[in-house]
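Working notes, structure below.
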Amino acid sequence: MIQENTLIGMSCNSSMTRVNVSSVGQAQRVPVHLMPCDIEHNGPAQVSQYLTATTKDCKLEKMVSFRGRGLKGQELSCPQGYTGLVLKETNKPGSDQEDRTVKVSSVFDKLTYWNLETPPNSDDTVVMAMDWPELAKAIHGPVEG
């Protein structure tokens, strides 16, 4: 039986992932940074203390140095009608075969997307993903004529 306010998704190994969407109402709106690296930390971080971006004149491009590496970023808005979710696992499974349950820990309507050395551009998968809902609507919407 599926509980109310629960979304279920299938992962590649046939286990189920349950998202408790009832936690969206209590979720705090937070700034989100998508970094081009793995950071072995799960949880809140004092990002503004360590990652202060400078903005170039007349451009939407941001620049920072993170652990000695230059990063260039751009603020991307979620597609109209969409809200980004930051999910937190509520009970960690013992293996990849076990079902997972996650809750919404925070929400966002824009994120800063960072690349190493080069600024984000329209060929980046994250940038293209933000355009997909509008494109999908045009492709799959009713045909006028």
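Quick note: the coordinates plus some simple rules give every number you see, no bench work behind them. Keep in mind that what you see is a predicted model, and the values were worked out from it rather than measured. With ideal geometry, Cβ positions are generated from the backbone for all residues, glycine too; neighbour counts draw on all protein chains shown.
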Query raised in the report: Roughly how many nanometres apart are two label points built 7 Å out from the Cα toward the Cβ at residue 91 and residue 66?
Result: 3.3 nm
Report task. Kindly write out, for the range 38-46 in residue order, the coupling ³J(HN,Hα) from the Karplus curve 6.51 cos²θ - 1.76 cosθ + 1.60 (θ = phi - 60°), rounded to whole Hz, with x marking Gly and Pro. Result -> 9, 10, 7, 8, 10, x, x, 9, 7
Report summary line: Which residues qualify? For residue 87, with a placed amide H closer than 5 Å and at least 5 residues away or on another chain, they are 105
Query raised in the report: Can you list the HN-Hα couplings for the range 22-33, worked out from phi with the Karplus curve (6.51, -1.76, 1.60; θ = phi - 60°), rounded to whole Hz and with x for Gly and Pro?
Result: 5, 7, 4, x, 8, 6, 7, 7, 10, x, 10, 10
Report summary line: Going residue by residue through the range 92-101, the Karplus relation 6.51 cos²θ - 1.76 cosθ + 1.60 with θ = phi - 60° gives ³J(HN,Hα) values, rounded to whole Hz and with x marking Gly or Pro, of 7, x, x, 8, 5, 7, 8, 5, 10, 10
Report task. May I ask you to list the residues of the range 95-114 whose amide nitrogen lies under 14 Å from a point 7 Å from Cα along the Cα→beta-carbon direction of residue 16? Result -> 98-102
Query raised in the report: Name the residues of the range 18-53 whose amide N is less than 15 Å from a point 7 angstrom out from the Cα of residue 116 along the C-beta direction?
Result: 35-39
Query - Extension gain (nm, one decimal) between residue 132 and residue 33, 0.36 nm per residue minus Cα-Cα - result: 33.6 nm
Query - Cα centroid of the range 106-129 to Cα centroid of the range 27-49, whole Å - result: 14 Å
